[in-house]
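Some notes on the structure that comes next.
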Amino acid sequence: MGIDVSRFTPLEETALLTLYARALDSRLPRPILGDSDADRIAASIDYDFTGLGLVTSVVCQAALRTKMLDDRVRMFTAAHPNAVVVDLGAGLDDGMSRLDGPPTVDWYSVDLPAVIALRDSVLHGNPRAHSVPRSLTDERWLEAIPAERPTMLIANGLLAFLNEQEIVSLLRRVTGHFRSGELAFNDYGRIGWVSRFAVKLAPQRMFKAVSGQWSGYPGFKDAHRPEVWNPRLQLIEETSLAHAPEVELFPTWLRMATHLAGRIPSMARKARILRYSF
Ligand SMILES: C[S@@+](CC[C@H](N)C(=O)[O-])C[C@H]1O[C@@H](n2cnc3c(N)ncnc32)[C@H](O)[C@@H]1O
């Protein structure tokens with residue numbers, strides 16, 4: 001009998017979806033991320049993962065954006081071995097073990113209390129891995145995290161679940177607390193009716209339940225927009241998943257569709273990684 005998650009809310013359940021996407025990627029003949037630990041963790045949880053109906057494109061995209069964020073964290077921690085890494089909406093993702101970076105780096109994983117409780121029960125303990133069981137809309141999440149060291153913050157699959165005001169407050173709090181560093185996250189460009197409709201059509205029940213969030217968030221086309229929300233942020237990278245070399249690992253039909261999407265700027269923006277320094 002696995003760990004019971006029947007009390008998870010649809011929002012908390014989204015952590016299981018990305019976990020399973022990584023598990024499925026690790027079983028592919030040519031994995032993009034190759035996180036076989038995700039498979040071990042999924043197996044320890046009593047949940048109908050196959051009922052999520054995860055399709056190949058979602059598996060590949062989730063694995064690729066995680067790999068791209070890993071690469072940016074690796075770069076940052078190589079340059080700053082005394083860094084602090086903060087994973088916002090970390091879910092059950094264990095980037096710290098995957099990257100195996102400098103032993104002097106501390107990792108803080110912030111997520112809702114129920115998700116953190118599950119995380120702490122399924123991940124191997126590491127004295128430099130720290131859990132923060134708080135909502136990111138509650139400013140106290142920052143209290144336990146050192147502010148003076150170079151800080152790399154990532155948000156992988158989080159921002160779709162916050163409205164614009166919550167995102168703006170989050171960005172301002174980050175630079176209000178940490179002295180210097182970088183913030184990298186995945187982004188969906190401008191969220192119009194097509195994106196909202198697509199989320200409503202998604203087979204995953206949890207996305208139907210949380211899709212109301214997107215009615216309060218129009219997204220943005222211009223990657224400089226967060227600089228307006230918070231002038232301490234400076235855009236240093238905008239890159240589309242469609243242009244990543246790992247797309248060559250996608251199955252043929254998806255690789256071709258992704259190459260095509262990569263030639264159309266509005267499509268390429270639908271899956272991008274943005275990185276800011278402060
Ligand atoms: C799609 S999952 C992604 C999880 C993880 N980053 C990954 O890649 O597997 C979104 C995560 O954001 C978390 N989340 C959503 N709203 C949050 C909030 N207000 N505060 C903290 N975490 C939140 C959810 O609990 C969930 O774990």
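Laboratory data are not the source of any read-out in this text; all were calculated from the coordinates shown. In this text, all values refer to a predicted model and were calculated from it rather than measured experimentally. Quick reminder, even Gly has a Cβ in these numbers, built from the backbone with ideal geometry, and neighbours come from all protein chains shown.
Things to note:
- Sorted by Cβ neighbour density within 10 Å, fewest at the top, the residues T252, T151: T252, T151
- Of the DSSP H helices in the chain, those that are both long (alpha-carbon extent of 30 Å or more along the helix axis) and hydrophobic (Kyte-Doolittle mean at least -1.0) are 56-79.
- Remark: spin-label model distance M267-R7 equals 4.6 nm, labels positioned 7 Å along the Cα→Cβ axis.
- The packing ranking of peptides 6-13, 82-89, highest mean first, is 82-89, 6-13, where packing means the average number of other beta carbon atoms within 10 angstrom of each residue.
- Scanning residues 5 or more positions from H130 or on other chains, those with amide H under 5 Å from its amide H are W107, Y108, S109, with H placed 1.01 Å from N in the peptide plane.
- The chain: most fluctuating residue of W253, W229, W107 per GNM, C-alpha cutoff 10 Å: W253
- Just checking the listed ones, D222, D93, D25: in the Gaussian network model of the chain with Cα springs under 10 Å, the one fluctuating most is D222.
- Rounded is the label for the chain. Its Cα gyration tensor axes, ordered a ≥ b ≥ c, give a/c under 1.5.
- Radius 9 Å from Cβ of D87, net charge of other residues (Lys, Arg +1; Asp, Glu -1): -2
- Counting 0.36 nm for each residue step from R179 to W229 and taking away their Cα separation leaves a gain of 16.2 nm.
- Of N126, N230, N186, the residue with the greatest mean-square motion in the GNM of the chain, using alpha carbon springs below 10 Å, is N126.
- Spacing of the modelled spin labels on D100 and R30, each 7 Å from Cα toward Cβ, amounts to 2.4 nm.
- Taking other Cβ atoms within 10 Å as a rough exposure proxy, M152, M75 sort from fewest to most as M75, M152.
- Order of M1, M267, M96, M256 - criterion: other Cβ atoms within 10 Å of each residue's Cβ, fewest first: M1, M256, M267, M96
- Extension gain, H259 to E237, is 5.9 nm, computed as 0.36 nm per intervening residue step minus the present C-alpha separation.
- Neighbourhood net charge (10 Å Cβ-Cβ; Lys/Arg +1, Asp/Glu -1) for R134: -3
- Within the shell defined by Cβ-Cβ distances under 14 Å, the residues around V58 carry a net charge of +2, with Lys and Arg each +1 and Asp and Glu each -1.
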